[in-house]
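Down below is the structure, laid out as structure tokens.
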Amino acid sequence: MDFIDEKIEQYAFDHTSEEGELLRRLEKETYEKLEIPQMTTGRIEARLLKLLARLVGAQRILEIGTFAGYSALSMAEALPEDGTLVTCDEDPVAIAFAKKYFSESRHGKKIKQMEGPALESIKKLTGSFDMAFIDADKINYSNYYEAILPMIRPGGLIAVDNVLWSGRVLDPQDESDRAIHEFNERVVKDQRVESVLLTVRDGLNCIIKNASYQG
């Protein structure tokens, strides 16, 4: 993600509200113990996700791709005490790592972990969600989107990470490049939603389900 100027990124980091000691420790241990640690959400995007959850008045959130648990804990901060965040992952190492930090946080009681392929986990869920965050295997982005959209309440939000893919969406070469570009094309043409693709970190597509769409 070196296509964003480092000085500007640092300036944005320095002028974003701090994340607290637990999340700082989580991020540090992520870089020490997990593979591909740069996948962790980090301060800027995670604080944005928390803000978005608060703005939509989220009580139920669905996350596809737990990894170290940084984003789940960040969004859980915005939930009321009886709120719920369901997070899906199939990597047992990441699941165990995140569970440890969930147990340390006073917001961890709001988080339910589901292990296994996310598309299978989604089929087991009932009820509507106010918000979803997709940050998992890129090839399935469109599949996740279509599976989740009917579960989002009208006026609810889907946030999707890595939609700029380090700039490779401009000239897609491999399967992941094409999948992300095709997903972005799908969303911008979708009459069921309104969206804005933000140049935050590696790109964050913010998608609001139209109030008139009940499906």
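The values are calculated or read from the model by the stated rules, or taken from the named source; none is laboratory data. Everything numeric here is computed off the predicted structure, so don't read it as measured data. Positions of Cβ are backbone-derived with ideal geometry, glycine not excepted, and every protein chain shown enters the neighbour counts. Ligands, DNA and RNA are stripped out before the accessible areas are found, and what is left, the full protein with its side chains, is counted by its heavy atoms. Shrake-Rupley method; radii C 1.70, N 1.55, O 1.52, S 1.80 Å.
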Could you tell me whether any residue of the range 107-117 is in a helix (DSSP H, G or I), at pLDDT 95 or above and polar (S, T, N, Q)? no
If we keep only residues of the range 5-20 that are modelled with pLDDT of 95 or more and not in a helix (DSSP H, G or I), then the residue farthest from the chain's Cα centre (by Cα) is His15
Exactly one of Ala76, Ala58, Ala53, Ala46 is under 22 Å from Glu146 (Cβ atoms) and either of a type in the set (Gly, Ala, Ser) or within 13 Å of the chain's Cα centre (by Cα) (or both), and that residue is Ala58
The residue from Val196, Val200 that alone is of a type in the set (Val, Ile, Thr) and either under 16 Å from Ser142 (Cα atoms) or part of a loop (DSSP other than H, G, I, E, B) (or both) is Val200
So, first residue closer than 18 Å to Leu51 by Cβ in the range 9-23, second residue of a type in the set (Asp, Glu), Cβ within less than 9 Å, six or more apart or across chains; the pairs are Glu19/Glu27; Gly20/Glu77
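Within the range 21-42, which residues are on the phi > 0 side of the Ramachandran plot and either more than 19 Å from the chain's Cα centre (by Cα) or open to solvent by 90 Å² or more (accessible area, probe 1.4 Å) (or both)?
Of everything in the range 21-42, just one residue is on the phi > 0 side of the Ramachandran plot and either more than 19 Å from the chain's Cα centre (by Cα) or open to solvent by 90 Å² or more (accessible area, probe 1.4 Å) (or both), namely Ile36.
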In the range 102-130, residues that are farther than 30 Å from Asp174 by Cα and either touching a residue at least 12 places away in the same chain (Cβ under 8 Å) or open to solvent by less than 40 Å² (accessible area, probe 1.4 Å) (or both) total 14
Among residues of the range 135-160 being touching a Leu at 6+ places or on another chain (Cβ under 9 Å) and under 22 Å from Glu45 (Cα atoms), the residue surrounded by the fewest Cβ atoms within 10 Å (Cβ to Cβ) is Asn140
Residue count, the range 66-101, condition closer than 17 Å to Leu26 by Cβ, open to solvent by 10 Å² or more (accessible area, probe 1.4 Å) and not in a strand (DSSP E or B), comes to 9
Flagged in the range 125-170 as over 22 Å from Gly69 (Cβ atoms) and hydroxyl-bearing (Ser, Thr, Tyr), in numbering order, are Thr126, Ser128, Ser142, Tyr145, Ser166
Just one listed residue, out of Val169, Val187, Val193, Val163, is surrounded by 15 or more Cβ atoms within 10 Å (Cβ to Cβ) and in contact with a His (Cβ under 7 Å, 6 or more places away or on another chain), and it is Val169
Note on Glu182: of the conditions (1) surrounded by 17 or more Cβ atoms within 10 Å (Cβ to Cβ); (2) under 29 Å from Ile36 (Cα atoms); (3) acidic (Asp, Glu), unmet is (1)
Out of (1) in contact with a strand residue (DSSP E or B) (Cβ under 7 Å, 6 or more places away or on another chain); (2) in contact (Cβ under 8 Å) with a residue 40 or more places away in the chain, the one Thr87 does not meet is (2)
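Residue-by-condition table, conditions (1) small (Gly, Ala, Ser); (2) at pLDDT 95 or above; (3) out of contact with any strand residue (DSSP E or B) (no Cβ under 7 Å at 6 or more places or on another chain):
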site	(1), (2), (3)
Lys100	no, yes, yes
Glu104	no, yes, yes
Ala132	yes, yes, no
Tyr141	no, yes, no
Phe183	no, yes, yes
